[in-house]
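Enquirer: I have a structure I would like to understand better, so I am pasting it below and will then ask my questions one at a time.
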Amino acid sequence: MLTRTTRPDESLVALIGQRLMQRDEVGAALVRAMRIADGDDPDRVTMGQFKTALEHGIDAVPDCPRTLREFFREVERVPPWVDMDLINEGAAAYRRLGTNAADVMLQLSLIGGYRFGGPTDLLVETGGLTGRTTVRRLAETQKWAVSVSQPDAMRRDGEGFKLTVHVRLMHALVNQQFETNGRWDIDQWGLPINQTDQAATLGLFNGALLLGVRLLGVRVSKSESRAIMHMWKYVGWLMGVDEDWLCDNEAHQHRLNYHFLITQSTVSAAGPPLAQAIVEAQRFLHYPNMSRLRGAYQRARLLSMLGYFLRTEGMRDLGLPRSLPWAVIPALVKNTVRYQVLSRTRVGRDHLLHWGERSSDRQLAKYFGRQKHDVGQLTV
């Protein structure tokens with residue numbers, strides 16, 4: 001119904017398979033230049049040079065290597081379809097979603113995605129969401145999502161732009177490492193970080209997000225949907241996703257997501273431990289007081305929301321205990337007032353914007369505590 005698809009598009013299914021073996025070549029070229037062992041080679045790129053270029057531009061890099069210059073020429077090129085005013089509208093609409101966005105991203109997009117093999121197995125290989133790193137990795141994801149949705153954040157000097165380029169290089173580094181270290185089964189999963197998985201992940205941040213917040217009672221207007229989709233389209237382009245898989249509207253994205261879904265592998269051994277680690281991590285977030293009680297509540301709330309989004313089959317796939325969706329009821333009541341009443345007036349939308357921004361601040365504080373709010377360090 002959402003996709004208006006009665007049967008799979010076989011050509012699209014074939015393309016999805018082909019792009020499992022395709023990478024972000026712009027990022028890959030930069031990583032190859034970073035791997036040059038000869039320190040005197042003029043084509044060698046250092047991490048210091050990358051950071052300087054990201055922060056101050058390539059003209060700030062003395063004797064800037066050709067590959068670094070080409071990388072930044074690409075990411076600084078703004079496609080003609082980009083509308084920065086519309087991106088800012090999308091960012092404001094996203095911020096008005098408040099805790100609903102954070103809930104859907106964690107429960108439906110992230111944990112729900114663990115029902116499928118491939119990227120989930122790579123997370124286990126990298127240690128990205130296991131053990132003590134769980135809270136930190138979740139914090140970094142939250143930080144990035146909040147950063148790209150700030151006013152003017154996706155302009156060249158904005159934090160959202162810089163963090164997205166940072167993440168693009170991080171993905172390219174991980175891909176190169178696992179392409180060559182013999183620990184990744186390319187025949188089974190495709191390249192470690194490939195075009196298909198990157199596009200499917202983007203679909204969780206836009207199309208799946210918008211579906212999820214509606215399931216929590218949020219009213220999303222056509223103009224808000226269009227603006228949010230445009231914001232994530234540019235984020236996806238900047239991440240190196242193939243342009244023909246960047247969607248202008250929900251209908252296109254839902255159709256693409258449907259084809260990603262039917263071609264996904266079933267749950268692998270990596271999925272349940274990752275999901276369970278995130279559930280248990282709720283006990284160890286940074287609470288200002290009554291941390292044990294609040295941690296237990298957040299764990300129970302997460303399981304309740306997951307039961308609503310993933311249903312019995314999804315909870316069983318991930319080895320999670322069944323839980324009644326009691327936490328959804330207050331969310332639906334609050335969202336009915338917020339989005340069916342308040343969001344229809346300018347004053348109400350302003351109120352929601354301030355509420356959403358405060359919610360983001362509290363969310364980051366809960367995940368980071370007193371640590372610096374940043375994303376993972378890059379190492380060659």
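Enquirer: Could you calculate the contour length gain from VAL78 to VAL333, that is, 0.36 nm times the residue separation minus the distance between their Cα atoms, to one decimal place in nm?
Expert: 87.6 nm
Enquirer: For segment 12-52, list residues with backbone N below 16 Å from a point placed 7 Å from the Cα of GLU70 toward its Cβ?
Expert: 23-36, 42-46
Enquirer: In segment 247-360, if every C-alpha pair distance is counted and binned at 10 Å from zero, what percent goes to each bin?
Expert: All Cα pairs, binned at 10 Å, distribute as 12, 25, 34, 25, 4 percent.
Enquirer: Equivalent-ellipsoid semi-axes (√(5λ), Cα gyration tensor) for segment 169-323, whole Å, largest first?
Expert: On the way: eigenvalues 160, 114, 54 Å².
Largest first, segment 169-323 gives 28, 24, 16 Å.
Enquirer: Within segment 64-90, find all residues whose amide N lies under 19 Å from a label point positioned 7 Å from the Cα of ARG155 along Cα-to-beta-carbon.
Expert: Label zone hits: 75-90.
Enquirer: Compute the length gained on full extension between THR46 and GLN276: take 0.36 nm times their separation in residues and subtract their Cα-Cα distance, giving the result in nm to one decimal. Kindly include the intermediate steps, with their values, before the conclusion.
Expert: Details: separation 230, 0.36 × 230 = 82.80 nm, distance 3.80 nm.
Gain in length upon complete extension: 79.0 nm.
Enquirer: Restricting to Cα pairs below 8 Å that are 6+ residues apart, what does the relative contact order work out to for the chain? Please round to a whole percent.
Expert: 27 percent
Enquirer: Another question about this same structure. Calculate the dipole size of segment 10-114 relative to its Cα centre from +1 charges on Lys and Arg beta carbons and -1 charges on Asp and Glu beta carbons; express the result in debye to the nearest 20.
Expert: Numbers: 12 positive and 17 negative charges, 53 e Å.
Dipole of segment 10-114, to the nearest 20 debye: 260 debye.
Enquirer: Label MET21 and TRP326 with points 7 Å out from Cα along Cα→Cβ: what is the distance between them in nm?
Expert: Here the answer is 5.3 nm between the modelled labels.
Enquirer: Using a basic spin-label model with each label point 7 Å from the Cα along Cα→Cβ, how many nm lie between ALA365 and ASP185?
Expert: The answer from the label model is 4.6 nm.
Enquirer: With the cut-off at 1.5 for a/c, could you classify segment 16-75 from its C-alpha gyration tensor as rounded, prolate or oblate?
Expert: Oblate shape, in that a/c is at least 1.5 and b/c is the bigger or equal ratio.
Enquirer: Return a whole-number percent for the relative contact order of segment 218-344, with Cα pairs under 8 Å and 6 or more residues apart as the contact set.
Expert: After rounding, I find 23 percent.
Enquirer: Where a Cα-Cα gap under 20 Å defines reach, which lysines qualify for LYS233, not counting those fewer than 8 residues away within the same chain?
Expert: LYS143, LYS162, LYS222
Enquirer: Given (i) 63, 50, 46; (ii) 87, 60, 42; (iii) 60, 42, 39 as candidate values of Cα extents along the principal axes in Å, which corresponds to the one derived from the coordinates?
Expert: (i)
Each value in this text was obtained by applying a stated rule to the coordinates, not by laboratory testing. For clarity, every value in this text was computed on a predicted model and none was experimentally measured. Using ideal geometry, Cβ is built from the backbone for each residue, glycine included, and neighbour counts are taken over all protein chains shown.
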